[in-house]
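The structure appears right after this line, and notes come after that.
The values are calculated or read from the model by the stated rules, or taken from the named source; none is laboratory data. As the structure is a prediction and not an experimental result, all values here were calculated from the model. Cβ sites come from the backbone with ideal geometry, for glycine too, and all protein chains shown count toward neighbours. For the accessible areas, the whole protein counts, side chains as well, though only heavy atoms, and no ligand, DNA or RNA atoms are used. Shrake-Rupley method; radii C 1.70, N 1.55, O 1.52, S 1.80 Å.
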Amino acid sequence: MKKLTFIILTTFLFLGCKHEKAVFQNPEFVKAETAAAKLTEVKGACDCLTAAQISACTGNATQAAVINQFLNGNSSITQTVHWGICTTSGSTVTDPSCNFPYTNVTSQLTLCWNSCTTVSAKFTGKPPCLPCYPENFCMILTVTKTVSGGATTYVMQGNTAINDIVQIKLVISTDPDVLVTCGVGPAGNQTIYTCNGSY
């Protein structure tokens, strides 16, 4: 009788644990993580120019000057990004890592000249609420100029779309503020993850 009771209790405990795991494993996050894994198969854009190549960037004086400002006059720079908050929108998301302010959550962001008009950007580490942004993924950013109310603003931004499953946008402004947005799913029915940080 004790043996039978033990087997029944063990079975209930096992099924209960499996059930809890199934509830916690949100299908949207599984989709996001799977898409991110596929994204890592795509070659990143971590190539950097040499100092001699950078010094030859005279034909694109305005963009080169802005890139030089972002990189503090260096050929590459690594900054610590302090993440403030990550939010979700779109489909229902129940990840406990999202939708609240962070304290002491950081990533390393390495920027370098990719060409005379573009920058390579690579995060080492990421906020916990970016399941669709792969680890150690590189993006190419271009300089964009915006004039509003007499004020001129420059930002570096990049967009990547993989098979209409994952769309990633990275924007770095001169504040310097960092905004990462990644969406999973088809247009109009996406789960959007947005993280804000600064360095």
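Rounded to whole numbers, the Karplus 3J(HN,Hα) couplings from phi for region 58-69 are 8, x, 10, 4, 5, 5, 4, 5, 5, 4, 4, 5 Hz, using 6.51 cos²θ - 1.76 cosθ + 1.60 with θ = phi - 60°, and x at Gly and Pro.
Extent of region 82-199 along its three principal axes (Cα atoms, max minus min coordinate, largest first): 41, 34, 33 Å.
Computed with a 1.4 Å probe over protein heavy atoms only, the accessible surface of region 80-199 comes to 43 Å² per residue. Each of residue 82 and residue 47 was given a label point 7 Å from its Cα along the Cα-to-Cβ line. The distance between the two points is 3.7 nm. Applying the Karplus relation 6.51 cos²θ - 1.76 cosθ + 1.60 with θ = phi - 60° to region 123-131 yields 3J(HN,Hα) values of 8, 10, x, 7, x, x, 9, 9, x Hz, where x marks Gly and Pro. Within region 51-140, the ratio Rg/Rh, alpha carbon atoms throughout and Rh by Kirkwood, equals 1.10. Inter-label distance, residue 161 to residue 198: 3.2 nm, where each label sits 7 Å from its Cα along the C-beta direction.
If R0 is 22 Å, the Cβ-Cβ spacing of residue 145 and residue 124 corresponds to a FRET efficiency of close to 0.15. The modelled label-to-label distance between residue 152 and residue 171, using points 7 Å beyond Cα along the C-beta direction, is 2.0 nm. Amide H contacts of residue 105 (H built 1.01 Å from N, in plane; Pro and chain starts excluded): 83 sit under 5 Å, all sequence-distant by 5 or more or on other chains. What percentage of the solvent-accessible surface of region 101-188, computed with a 1.4 Å probe over protein heavy atoms, is contributed by carbon and sulfur atoms? Carbon and sulfur atoms account for 50 percent of the accessible area of region 101-188. Using 0.36 nm per residue and subtracting the Cα-Cα separation, the extra length available between residue 62 and residue 179 on full extension is 39.8 nm.
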